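**Q** If you scroll down you'll find the structure; I have some questions about it.
The values are calculated or read from the model by the stated rules, or taken from the named source; none is laboratory data. Here the structure is a predicted model, which is why all the values come from computation and not from measurement. Positions of Cβ are backbone-derived with ideal geometry, glycine not excepted, and every protein chain shown enters the neighbour counts. Heads up: the accessible areas ignore ligands, DNA and RNA and are worked out on the full protein's heavy atoms, side chains in. Shrake-Rupley method; radii C 1.70, N 1.55, O 1.52, S 1.80 Å.
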Amino acid sequence: MRSLRGWLQSTAVLTVIAGYTLLLGLNGALSDLQRRQQHRDLVQVLVQQASAGQPVPEPFEGVGLEVSLLAQGADQQPRIQPASSGEQWLVSRRAVQLPSGEQRWLELRQNVTASLEQERTTQLLLVAAAGVSILFTSLLLRPVLRRGLVVPLDQLDQQLQRLEADNLGEHLLDPSAQPEELRSMAIAFNNLQQRLAAAWKRERAFVDGVAHELRTPITVISGHAQRLQRHSLPESAQRSADRVSAEALRMTRLLRVLRDLALIDAGRVQLHASALDPEAQLLQIYETLSTSAPGRLQLPQPAQAPLPALWADADRLQQCLQELVGNALAYASGSIQLQAQHDGDQLVMHVLDQGPGIPEIERALVLQRFRRGSTAAGTRGTGIGLALVDAWMRTMDGALVIAEAPGGGADLQLRFRLAPPGP
């Protein structure tokens, strides 16, 4: 659909064209009507003279009038007839009764060449005036539409772009600062923003409350399950205790993730960013998870030149790496490589696996909460791990990038900004 500004400009120009076209038509019609009416008035005068017995006047030299009485003929309304010389004559005939009782037809020929030329000149002047008016209207509409429509809409768009979920209801639009046509829109948007802010606040309070309230019972369940595991139980009871313990740990992790997301959404996260050694961070996650996946995690050879330090929160960085490595362990087979790379003004940490990878069309989808890709079918998961990593990375002014690993598989990248130079 074309822009509103273009539509208004074309409509205004077409309106001017239509107005001048109508003016030209009316001017031509009025001139022709006036010319024919004057011709009829002159014919009426001549008919009265002939009926009274006055002689028919000779042609009016210099005026372009010719009058003659014809013995035969028929009445004829004024009609333009071109002459061989190129002149235009207005000719009419009308029956007249002479005093002797004879009937004749009075024919009046009027040279209207000059009148038609003057009419054409007037029309040309009107066409020129129409062209100037169209050009002036087109040039004038640009700043008028920009100042009265484009600029207010751009300002409204900038105000809307600054709105986030965390500040809904805090930066309401000022209807009085908007043009009259946009005031109702600003008021309606303010009302919608306030309703969304209230709903968002209730949702955050609900998620935070649920995560807080369920923490204690799940901790109790986990404790009892671990206590049962320490006793000699029948095989069936032991399997049940192990299943309860595993599910309790899974629920504990899920509640922690929900609580972290609630904190991020509420803007209550307190980060302790510092300069971190990327190789030391990879070594730490390797030592933490290598026991749960023996032989699958692989560290790169130490770089010949030390990598620059990255700027992040150490605890949140380790949490992000745990989520990515955990996903790779769950959804991929084979080895998982941990790498660090200096890329321009960023420090990139890679978690590469040999699994099915993530199709490009689904990479934005899997970053949403509780959404999983097609390659995760048949495996158990919540679909919230990558969403949490993406949220933490954006909080640390970084980014989570999903790419394809060389040779197949997924390449999950944590991109951090470099640490500022030390004193």
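**Q** Residues in region 242-273 that are among the acidic types (Asp, Glu) and either in contact (Cβ under 8 Å) with a residue 40 or more places away in the chain or exposed (fewer than 14 other Cβ atoms within 10 Å of the Cβ) (or both): how many? Give the derivation first.
**A** At the first step, the residues of region 242-273 found to be among the acidic types (Asp, Glu) are 242, 247, 260, 265.
Right, trim to either in contact (Cβ under 8 Å) with a residue 40 or more places away in the chain or exposed (fewer than 14 other Cβ atoms within 10 Å of the Cβ) (or both) and you get 260, 265.
Matching residues across region 242-273 total 2.
**Q** Please list, ordered by first then second residue, the pairs with beta carbon atoms under 6 Å, 6 or more apart or interchain, first in region 47-74 and assigned to a loop (DSSP other than H, G, I, E, B), second modelled with pLDDT of 80 or more.
**A** Taking only residues 6 or more apart or on different chains, the pairs are Gly53/Pro99; Val56/Val67; Val56/Leu69; Pro57/Val67; Pro59/Glu66; Gly64/Asn111; Gly73/Arg93; Gly73/Trp105.
**Q** Can you tell which of Arg195, Arg204 is open to solvent by 90 Å² or more (accessible area, probe 1.4 Å), in a helix (DSSP H, G or I), out of contact with any Phe, Trp or Tyr (no Cβ under 6 Å at 6 or more places or on another chain) and basic (Lys, Arg)?
**A** Details: Arg204 fails: open to solvent by 90 Å² or more (accessible area, probe 1.4 Å).
Result of the check over Arg195, Arg204: Arg195.
**Q** Quickly run through region 374-408 and pick out the residues that are under 20 Å from Ile336 (Cα atoms) and either touching a Ser or Thr at 6+ places or on another chain (Cβ under 7 Å) or not in a strand (DSSP E or B) (or both).
**A** Correct list: Thr375, Ala376, Thr379, Arg380, Gly381, Gly385, Leu386, Val389, Ala405, Pro406, Gly407, Gly408.
**Q** Regarding Ala114, is this residue under 30 Å from Glu66 (Cα atoms) and not β-branched (Val, Ile, Thr)? Quick ask: steps written out before the conclusion?
**A** Working: under 30 Å from Glu66 (Cα atoms): yes; not β-branched (Val, Ile, Thr): yes.
Considered against the rule, which asks whether it is under 30 Å from Glu66 (Cα atoms) and not β-branched (Val, Ile, Thr), Ala114 comes out as yes.
**Q** Which one is surrounded by the fewest Cβ atoms within 10 Å (Cβ to Cβ) among residues in region 276-321 that are touching a Phe, Trp or Tyr at 6+ places or on another chain (Cβ under 6 Å) and under 19 Å from Leu347 (Cα atoms)?
**A** Looking at residues that are touching a Phe, Trp or Tyr at 6+ places or on another chain (Cβ under 6 Å) and under 19 Å from Leu347 (Cα atoms), I get Leu299.
**Q** Just one of Ser92, Ser133 is polar (S, T, N, Q), surrounded by 12 or more Cβ atoms within 10 Å (Cβ to Cβ) and within 30 Å of Gln9 (Cβ to Cβ); which is it?
**A** Details: Ser92 fails: within 30 Å of Gln9 (Cβ to Cβ).
Only one candidate passes the filter, namely Ser133.
**Q** Let me ask you something else. What about Asp411, is it at pLDDT 90 or above and in a loop (DSSP other than H, G, I, E, B)?
**A** For Asp411, the condition - at pLDDT 90 or above and in a loop (DSSP other than H, G, I, E, B) - is not met.
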